[in-house]
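Bear in mind these aren't lab numbers, they're just calculated from the coordinates by the rules spelled out. Since the model is a prediction, treat every value here as computed from it, not as a measurement. Note: ideal-geometry Cβ built from the backbone for every residue, glycine included; neighbour counts use all protein chains shown.
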Amino acid sequence: MKVAVLAEFYPSRSDAVLGIWAHRQALAARDAGAEVRVLVLHRLIPPRASLADGPRRALEQWRTLARQPRLEVRDGLQVSYVPYVSPPRARFYPAWGSWAAPPLALALRRLRHSFPFDLIHAHNAVPAGDAARRAHLGKPLVISVHGGDVLYVAPRYARGPAVLRRTMSRASLVLANSHEIARLSQALGARQTAVVHLGTDLPPPRGGVRLAGPPSLVTVSHLVARKRHADVLRALAVLAERHPTLRYVIVGDGPERVPLEGLAERLGVAERVEFRGQLEPAAALEQARRCTLFVMPSTEEAFGVAYIEAMAGCLPAIGCRGEPGPDEISAAGAGLVLVPPGDIERLSQRIDELLSDPDRLRETGRWARATVERNFTWERCGETTLAAYERALR
């Protein structure tokens with residue numbers, strides 16, 4: 001079986017973290033038996049936010065984008081970067097597929113000569129799935145919906161629902177990362193759906209949660225408001241008396257960094273907060289697994305690979321109840337503790353309960369690892385992805 005994987009978010013020379021999950025799923029499908037080639041929609045226009053840093057910074061970003069090689073080999077996978085331009089995201093994101101479709105169609109036709117693929121697997125309906133639909137290749141189209149389509153594009157753009165309906169109704173199969181995302185995809189036109197969870201590597205067992213030294217909380221994510229790092233900072237302040245040595249490690253970067261630094265100062269916890277910035281995936285995992293407790297009370301969380309990556313290292317995790325991903329991970333087994341969104345008191349209580357009871361902390365860490373071993377490995381992801389491809393080709 002030959003598969004052309006298509007993605008907007010994918011690692012590149014300028015950003016080794018962006019879309020790493022799409023790369024890992026492509027590797028998992030290959031390891032499960034599929035032949036895979038990857039095409040990346042490579043937008044040549046820097047994000048508008050770069051203009052805030054001045055024209056020199058914007059020019060540097062444009063040069064970085066322009067210098068991206070059109071062909072790379074990543075972990076043995078051939079990856080082609082397909083350049084295109086499009087208008088600003090803030091107003092026109094649902095239409096980006098129409099801008100990417102002409103160069104994508106040319107790239108797919110060239111690929112087909114050397115690699116006669118059987119189907120196209122697009123990550124996200126907008127813009128990748130829409131661009132593939134418009135390319136008119138006559139091959140089955142599988143679309144992975146990771147949450148952004150149904151939680152962001154549909155409610156925030158007037159044209160979003162119509163574009164999603166046209167695209168998902170044309171897909172042979174829509175893959176969702178949780179059952180709730182599958183339900184929302186069906187409401188937006190998906191005819192057939194299947195749930196395929198992303199995975200993580202299993203590090204060697206380390207004998208449980210690290211208890212030596214001061215306790216530490218950790219979050220690994222992009223610094224945006226919906227990840228709710230501010231809630232953890234407030235919980236850290238609440239717990240200052242009971243856990244005076246407790247630290248909070250934040251791995252990632254983004255637009256919320258400056259506001260979060262200011263909040264930490266105002267709460268009087270700045271000296272106990274470490275902003276590590278964006279790290280390479282392996283370094284981010286290593287940093288997280290040195291800590292005591294993973295805490296990410298985020299909302300609009302379709303799945304949450306960061307939870308299972310932490311849990312695989314015997315790290316208990318805390319997420320929000322009522323979110324598609326955390327609810328599904330929690331239903332699969334123990335190790336992820338859920339709290340109501342925005343409830344600082346409950347969040348503080350759950351952190352305190354785990355940190356105050358070393359035996360419970362160790363046991364929850366062991367449960368977390370077992371949950372991931374049973375349900376969320378890359379091997380399992382590869383197997384279910386391959387089964388989905390076979391279903392789409394029937």
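Once you keep just the Cα pairs under 8 angstrom separated by 6 or more residues, what percentage relative contact order results for the stretch 241-310? Relative contact order here is 32 percent.
A cut-off of 5 Å between modelled amide H atoms, ignoring neighbours fewer than 5 places along the same chain, links Leu77 with no other residue. A simple charge model with +1 on the Cβ of Lys and Arg, -1 on the Cβ of Asp and Glu and nothing else charged puts the dipole of the stretch 216-375 at about 220 debye relative to its Cα centre. In this structure the amide hydrogen of Gly254, modeled in the peptide plane, comes within under 5 Å of the amide hydrogens of Leu223, none closer than 5 places in sequence on its chain.
For the stretch 39-46, the Karplus equation 6.51 cos²θ - 1.76 cosθ + 1.60, evaluated at θ = phi - 60°, returns couplings of 10, 10, 6, 9, 6, 8, 9, x Hz by residue, with Gly and Pro reported as x. Computed from label points 7 Å out along Cα-Cβ, the spacing between Ala240 and Val195 is 4.2 nm. When the trypsin sites (Lys or Arg not before Pro) in the stretch 167-202 are filtered for DSSP coil states and for at most 10 other beta-carbon atoms within 10 Å of their beta-carbon, no site remains. The charge dipole of the chain, taken about its Cα centre with unit charges on the Cβ of Lys, Arg, Asp and Glu (plus for the first two, minus for the last two), comes to roughly 1580 debye. When each of Val273, Val295 is scored by the number of other beta-carbon atoms lying within 10 Å, the sequence from fewest to most is Val273, Val295.
The helix-based estimate of mean residue ellipticity at 222 nm for the chain, built from -39,500 (n - 2.57) per DSSP H run of four or more residues and divided by its residue count, is -13000 deg cm²/dmol to the nearest 500. DSSP bridge analysis restricted to the chain gives an antiparallel fraction near 10%, rounded to the nearest 5. With viscosity 1.002 mPa s and temperature 20 °C, the Kirkwood radius over alpha carbon pairs of the stretch 308-355 converts through Stokes-Einstein to a diffusion coefficient of 194 µm²/s. Checking (i) 21.2, 67; (ii) 22.5, 70; (iii) 21.0, 63 against Rg and Dmax of the Cα atoms in Å calculated from these atoms, the matching label is (i). Distance between the C-alpha centres of the stretch 307-329 and the stretch 339-385: 5 Å, rounded to the whole angstrom. Taking a sphere under 11 Å around the Cβ of Arg24 and counting the other residues whose Cβ falls inside, with K and R at +1 and D and E at -1, yields a net charge of -2. With a cut-off of 9 Å between beta carbons, the residues surrounding Leu141 carry a summed charge of +3, where Lys and Arg count +1 and Asp and Glu -1. For Thr200, the residues whose amide H sits under 5 Å from its own are Thr377, Trp378, ignoring neighbours fewer than 5 places away on the same chain, with H placed 1.01 Å from N.
Across the stretch 216-375, Cα pairs under 8 Å and at least six residues apart give a relative contact order of 23 percent. Name the most mobile residue of Ser114, Ser144, Ser98, meaning the one with the largest mean-square fluctuation, in a Gaussian network model of the chain with Cα contacts below 10 Å. Sorting by GNM fluctuation, first place goes to Ser114.
The Cβ shell under 13 Å around Leu336 holds other residues with a net charge of -2, Lys and Arg each +1, Asp and Glu each -1.
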